[in-house]
Amino acid sequence: MPVLGALWRGEIDAVEFHVDGGYRFVVHRNVFRTLRGSSAAGDVCVAFAEAHGDAFLAAAAARIASAPSETTRAFHLNSRQVRRAMEGAPSVDSGLTEPGPR
């Protein structure tokens, strides 16, 4: 079962997923190229995000915690943020454990 419920958004060339009651995250294809070491089709990017769902959720939690405004609901994640979460660097735990409703 998918951890993130991620989907490919071809019109913006990115993976999108939603967490914790409506926060929207977008991860551009170039992030996956950096993390994987090679370019990838959309379905490969989605599969990578799902395979590393815990890291993407940790990166999302850290990004929400660092938001300058509590009303911000849409974010981009970059390769540095995801890599930090993948390497197990300390991150903020806001309780994000599963996708929120879309």
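The values are calculated or read from the model by the stated rules, or taken from the named source; none is laboratory data. Here the structure is a predicted model, which is why all the values come from computation and not from measurement. Counting neighbours? That spans all protein chains shown, and the Cβs are built from the backbone with ideal geometry, glycine included. Heads up: the accessible areas ignore ligands, DNA and RNA and are worked out on the full protein's heavy atoms, side chains in. Shrake-Rupley method; radii C 1.70, N 1.55, O 1.52, S 1.80 Å.
Structure above, values below:
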quantity: Conditions (1) touching a Leu at 6+ places or on another chain (Cβ under 6 Å); (2) surrounded by fewer than 16 Cβ atoms within 10 Å (Cβ to Cβ); (3) not basic (Lys, Arg): number failed by Ala61; calculated: (2)
quantity: Those residues of the stretch 17-39 which are part of a loop (DSSP other than H, G, I, E, B), without any contact (Cβ under 8 Å) to a residue 40 or more places away in the chain and open to solvent by 60 Å² or more (accessible area, probe 1.4 Å), in sequence order; calculated: Gly37, Ser39
quantity: Residues (under 23 Å from Ile12 (Cα atoms), open to solvent by 10 Å² or more (accessible area, probe 1.4 Å) and not β-branched (Val, Ile, Thr)) located in the stretch 43-54; calculated: Asp43, Ala47, Phe48, Glu50, Ala51, His52
quantity: Answer from Thr97, Thr34 - the residue that is of a type in the set (Ser, Thr, Tyr) and at pLDDT below 90; calculated: Thr97
